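Structure, as structure tokens:
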Amino acid sequence: MRQLHNAMRAALAAAAVMFAATSGAPAQPARGAAAEAAPKEDAVAVAGKERIEVDVSSRSVAVTSSFNGTEIIVFGTVENSQQASAESGFYDVVVIVEGTLSPIVARKKSNVGGLWVNTSSIRFASLPTYYAIASTRPVDELAEPDVRDAHAIGFSHVPMNIASKALASGISAEEAQNFRDAIVRLKRKEGLYVSSDYGVAFIGRSLFRATIELPANVPVGPVKARVYLIRNGAVLSEATTSVSLSRQGFELLMYNFAHRQPLLYGLFCVSLAVGAGLLASTLFRKAGAH
Amino acid sequence: MNFYLPIAEMSVNIFVFLGMGAAVGFLSGMFGVGGGFLMTPLLIFSGIPSAVAVGTEAAQIVASSVSGAIAQYRRKNVDIKLGVLLLAGGIVGSYLGVEVVKILRRMGQFDLVLSLAYVSFLGGIGTLMLIESLNTIRKSRSGVAVSSRKPGQHSWIHGLPFKMRFHRSKLYISAIPPIVIGAFVGFLGGVMGVGGGFIMIPAMIYLLRVPTNVVVGTSLFQITFVTAVTTVLHATQNYTVDIVLALLLMIGGVIGAQFGTVAGEKLKGEQLRFLLAALVLLVCLRLGWDLVVRPNELYSLSSLAGGH
């Protein structure tokens, strides 16, 4: 059973590699991104130096009326792979998918005269609205904290920039850390920060893939994927790719209407309400007459 | 069946919100109230951001009150002159209310103020109604004839300047109290996402001594226009009117209201008021509970209000 499974995986891998190789046009930007991320390696392109190239299963995701979350597959290959088989565990791969950065305010309640009231708050100038991390094994096993720090790998390294105003008002480091922890906790509860410790799998010597869930409440905007190839705790290569998540059809129409023509939109809502009220009263008066 | 709400930016089950609209519509048809005070808290409990709940509920109240207002107008139960004064105050109040929502959202205190407003108004009115209905029930059981209130006693309100004659209400009073009452109700509507009938009707009866037959029609006239203005203001100031959500609630609401009206006709007035008072107090307790009990999670997140 297990062998059969592996055989199927290998076949899948071969197909995916062919796909990546033959469909030149869609793979181009990913190659460009990989080269951009590691220009030095390009210059000293010696045989045997590993490099990764990555792409995603769909470059654009449409948020329509029926949008109820979706999943994307981040896949890539290791050039000059030196591992013997998919199961050897020679390399580790970390895939991080981040949503748009947006400012956010975190607040903390405390008891004031018997009532639970928001008393302190920190404004974060930018915070990823969505953050998914998948790896070949738990991230704290595959690299030391300083390496993870340097590459913003893991929940404790999610980039959170406290607004300068908040810093000036003298918030202690400990308090700020409590707020950071709370943000991760709340975001995980909302399903917007997700981790999958064994979510990246090698399918053959060089091909790997990770399935990333985009939940129904994922904020609309561009989504970036960063992929790291790690060997013995050191990052060998990194590459990026992206997915655009955009409203389409009715959702786009209504969102733009509400935000670009708010007065007209408000009047439209009111006339719809008046229409609905009148329609209902005439319909039911007729029905009631019988 | 799920639908992605364009403004609330979340995927919701259509039937949950149709059902919610129908349930509140049933109760509002049964008790003859707008139902905003029930719908807004329900929307918030079900995960709709509170500002979107308030903005969207205003649109729904327009739909539920417009047909009533027209029916009352045809029966000549609307005092237009009085209604216009209430409306003028209402628009100013609503504008202030929406501005206050904007400021409170930025300060992170909107949810607190909303809960406090609901707890105090629902608690006060629920208690008064409960006492009144219990007294009436006890009196009618002991066989004492229930006397209606004596109209026409002069009060301090009659000493105010700018007196006007209101033909349909058969009143000669100052223009100031209707404007102030209208403004107060409009303000509450802007902040709490309610029509405000539960404040305006007693105020018109007890403070202005408006005849009962004109009160309901005139209050519906005012509510229809003020909530329409409130809807537009929320749409332009806060971008918090979700048209899809409003439509779901309207459809459920109008259907539920038809059945509620039938059910309401089978109950006595004081029984209805007792049940309504119990319902109002339940909502009040539920909201009050969250304020006084230590929450499991002390932290909360909010994106920046009106960040455009």
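Before moving on, here are some points about what is shown:
- Using the empirical formula 2.2 N^0.38 Å as the baseline, the Cα radius of gyration of the protein assembly as shown reaches a ratio of 1.22.
- Rounded to whole numbers, the Karplus 3J(HN,Hα) couplings from phi for the range A:99-116 are x, 4, 7, 8, x, 8, 10, 9, 10, 10, 8, 8, 7, 10, x, x, 10, 8 Hz, using 6.51 cos²θ - 1.76 cosθ + 1.60 with θ = phi - 60°, and x at Gly and Pro.
- At a probe radius of 1.4 angstrom, the accessible area of the protein assembly as shown per residue rounds to 47 square angstrom.
- Solvent-accessible surface, computed for protein heavy atoms with a probe of 1.4 Å, shrinks by 10 Å² or more for the following residues of the range B:35-63 when the other protein chains are added to the isolated chain: B:ALA59, B:VAL62, B:ALA63.
- Taking all C-alpha pairs of the range B:145-274, those more than 19 Å from each other amount to 62 percent.
- Equivalent ellipsoid dimensions for the range B:37-170 as semi-axes, Å, which come from the Cα gyration tensor, largest first: 32, 25, 18
- Considering only B:LEU276, B:LEU86, B:LEU220, the Gaussian network model of chain B with Cα springs below 10 Å gives its largest mean-square fluctuation to B:LEU276.
- Inter-probe distance in nm under a simple model that places probes 7 Å from Cα toward Cβ, at A:HIS157 and B:MET107: 4.2
- Largest-first ellipsoid semi-axes for chain B, taking √(5λ) over the Cα gyration tensor eigenvalues, angstrom: 32, 23, 19
- Candidates B:GLY217, B:GLY253, B:GLY159: whichever shows maximal mean-square fluctuation once chain B is modelled as a Gaussian network with Cα springs under 10 Å: B:GLY159
- Part-to-part distance (alpha-carbon centres) for the range B:1-59 and the range A:116-157, which is given in Å: 35
- Alpha-carbon centroids, the range A:230-290 and the range B:81-130: separation in whole Å: 27
- For the residues of B:290-301, the average number of beta carbons from a partner chain within 10 Å of their own beta carbon is 6.
- Helix-only CD estimate at 222 nm, as mean residue ellipticity for the protein assembly as shown, using -39500 (n - 2.57) per DSSP H run (n ≥ 4): -18000 deg cm²/dmol
The values are calculated or read from the model by the stated rules, or taken from the named source; none is laboratory data. Everything quoted here is computed from the prediction, not taken from an experiment. As a convention, Cβ positions derive from the backbone with ideal geometry for all residues, glycine included, and neighbour counts pool all protein chains shown. To get the accessible areas, we keep the full protein, side chains included, count just its heavy atoms, and leave off ligands, DNA and RNA. Shrake-Rupley method; radii C 1.70, N 1.55, O 1.52, S 1.80 Å.
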